[in-house]
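I have placed the structure first, in the form of structure tokens, so that the comments after it can refer back to it.
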Amino acid sequence: MTTIAFTPATEARFAVARHVADAVLFEGYVLYPYRASAAKNRLRWQFGVLVPPSWSVTAEEHDVQLTECLMEPRTGAELAVEVRFLHAQRRTVEERRSDGTFAPTGELALDDRVLVPWDEGVEERVSLVVPVADLHGDGTVLPFTRPAAEETEEVTDADGRILGRLVRRREEISGVLRISAAELDGPYRVERLSVTVENTSTWTAGRDTDRHAALPHSLVATHTVLRLDGGSFLSMTDPPEWAKGAVAACRNLHTWPVLAGEPGRDDLVLSSPIILEDHPAIAPESPGALYDATEIDEILALRTAALTDEEKREARGTDARAAAVIELADTMPPEVLERLHGAVRSLRSVTAAPEPTGNILEPDTPWWDPGGDTAVDPGNDHVLVDGHAVRAGSRVVLRPRLRRTDAQDLFLDGRGALVEAVLHDVDGGVHIAVTVEDDPGADIRREQGRFLYFRPDEVEALENG
């Protein structure tokens, strides 16, 4: 069995971690404006995708995740493990013909929604509880399989007449979970825990097979939750001084473990393909999942509520979770929206400085006035890149891989961009503000001044730009 029932105590602790893990599972699942026709919803499943081995050979994606972290288990402690991922299922739409048969169609319009083909995500879990003592040596290996399946759902109108049907197909996927532990040398009783999740599906990719064909055979948004019923995990981000060397020796491939649950407790770990800090938490003001990257609740709620009725019909027909977001935005009480304007997370007292003996002289002008400083002009300034003058209006190719400062920027590697401004900071650094070509939100970014910023060595100038 690959899914077991945890004890009530373990289930209660996992429930604490799942609140954040759900956000990892559905990160970017369906993006505003929540319609299948939106360009940014056509390239999906960006995080934690474990593809079949035959596809990983030719793609820049992987078939394995490895988590290594340190733990201090008590004698007789048990480790509970839960691997979670989405199983992509392909939904097609068929309309009913006059002769009673069904034929595929690009859309099926109903009074309240427009149904279109779409890839849905079905949550899957692989669970295991094992004594820590059994993990020494070869450890434990747990193969798992999710079978192929096909489901059909009739689509009817308000009078109950059958207008068409939805056909959902899932492909078989298989994988393996490997767990082992090893005691480390030294005066402290600490062990290195290794957890490997691997896609072992036997589906064979052809020479010209694209990512769209590989996704139904992949483990999507894969992440792992760990719990010790006796003992503790060490922070991999901020370990004690004596453990820093052992932490540095741990290998983590395509995932990163952090302490989960309430601050001050260390019995839970969430190993996520998205970089998190220790004890991550969902903002208490958040009224519900919006599935849109950093979950900017207020602006997303307002924009969703402002969609036209036709746009909302398409969003409702795109996915059940998108329909829930539309309902959330349409029914959000004013007092809930008010809470999204901002929150004070913490306050601390500041000891006042001694009263000065003389008067404080306030300057007549700010320390820097962009309107009065003629030495800089972001709209006209330029910087030399590969011998070419790059200024507002220039076209460049983004190459963030040269610096590797932001994991999210790597998705933009090789993309064309339009330079909006060249900026100089007070330390003498130069920053190039850009909007990405083919970004449907470029006009909004431009209007609000919300650009992406790169250093000159992170772009390539185009001669005809």
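The values are calculated or read from the model by the stated rules, or taken from the named source; none is laboratory data. None of the values given here were measured: they were computed from a predicted structure. Note: ideal-geometry Cβ built from the backbone for every residue, glycine included; neighbour counts use all protein chains shown. SASA here: full protein model, heavy atoms, side chains in, ligands and nucleic acids out. Shrake-Rupley method; radii C 1.70, N 1.55, O 1.52, S 1.80 Å.
Of note:
- Flag: ASP159 does not match the condition of being more than 30 Å from the chain's Cα centre (by Cα), under 30 Å from GLY230 (Cβ atoms) and open to solvent by 70 Å² or more (accessible area, probe 1.4 Å).
- Subset of the range 247-271 (residues that are modelled with pLDDT under 95 and touching a helix residue (DSSP H, G or I) at 6+ places or on another chain (Cβ under 8 Å)): GLY261, GLU262
- Hits in the range 32-60 (condition: open to solvent by 30 Å² or more (accessible area, probe 1.4 Å) and either in contact with a Leu (Cβ under 8 Å, 6 or more places away or on another chain) or modelled with pLDDT of 95 or more (or both)): TYR32, LYS40
- Members of the range 111-135 found to be farther than 30 Å from ARG42 by Cβ and in contact with a strand residue (DSSP E or B) (Cβ under 6 Å, 6 or more places away or on another chain), listed by number: SER127, LEU128, VAL129, VAL130, PRO131, VAL132, LEU135
- Top-ranked residue in the range 305-341 [being exposed (fewer than 12 other Cβ atoms within 10 Å of the Cβ) and of a type in the set (Val, Ile, Thr); ranked as farthest from ASP111 (Cα to Cα)]: THR331
- Evaluated against (1) more than 28 Å from LEU337 (Cα to Cα); (2) surrounded by fewer than 18 Cβ atoms within 10 Å (Cβ to Cβ); (3) among the small types (Gly, Ala, Ser), ALA281 falls short on exactly one condition, (1).
- Taking every residue in the range 427-438 that is closer than 16 Å to ASP409 by Cβ and among the polar types (S, T, N, Q) and pairing it with any residue that is open to solvent by less than 60 Å² (accessible area, probe 1.4 Å) and not in a loop (DSSP other than H, G, I, E, B), at least 6 positions away or on another chain, the pairs with Cβ-Cβ distances below 7 Å are THR435/ALA417; THR435/LEU418; THR435/GLU420; THR435/ALA442.
- Odd one out for ARG455 among (1) touching a residue at least 12 places away in the same chain (Cβ under 8 Å); (2) closer than 29 Å to ALA38 by Cβ; (3) of a type in the set (D, E, K, R): (2)
- The range 75-86, subset charged (D, E, K, R) and over 15 Å from the mean Cα position of the chain (by Cα), residue least open to solvent (accessible area, probe 1.4 Å): GLU82
- Single residue of GLU27, GLU11 found to be more than 18 Å from the chain's Cα centre (by Cα) and either in a loop (DSSP other than H, G, I, E, B) or not β-branched (Val, Ile, Thr) (or both): GLU11
- Filter result for the condition that a residue is touching a Pro at 6+ places or on another chain (Cβ under 6 Å) and open to solvent by less than 40 Å² (accessible area, probe 1.4 Å), over VAL167, VAL176: VAL176
- Pairs meeting the criteria (first residue in the range 125-140 and farther than 14 Å from ALA182 by Cβ, second residue assigned to a helix (DSSP H, G or I), beta carbons under 8 Å, at least 6 apart or on different chains) are VAL129/THR10.
- Those residues of the range 64-74 which are open to solvent by less than 30 Å² (accessible area, probe 1.4 Å) and touching a Ser or Thr at 6+ places or on another chain (Cβ under 6 Å), in sequence order: GLN65, LEU66, THR67, GLU68
- Conditions (1) out of contact with any helix residue (DSSP H, G or I) (no Cβ under 8 Å at 6 or more places or on another chain); (2) open to solvent by less than 10 Å² (accessible area, probe 1.4 Å); number of the one not met by ASP99: (2)
- Subset tally (residues that are in contact with a His (Cβ under 9 Å, 6 or more places away or on another chain) and either among the β-branched types (Val, Ile, Thr) or open to solvent by 60 Å² or more (accessible area, probe 1.4 Å) (or both)) for the range 102-129: 2
- Among the residues here, VAL258 does not qualify as open to solvent by less than 20 Å² (accessible area, probe 1.4 Å) and in contact with a Phe, Trp or Tyr (Cβ under 7 Å, 6 or more places away or on another chain).
- Residue check, VAL225 closer than 25 Å to ARG321 by Cα, surrounded by 17 or more Cβ atoms within 10 Å (Cβ to Cβ) and at pLDDT 95 or above: yes
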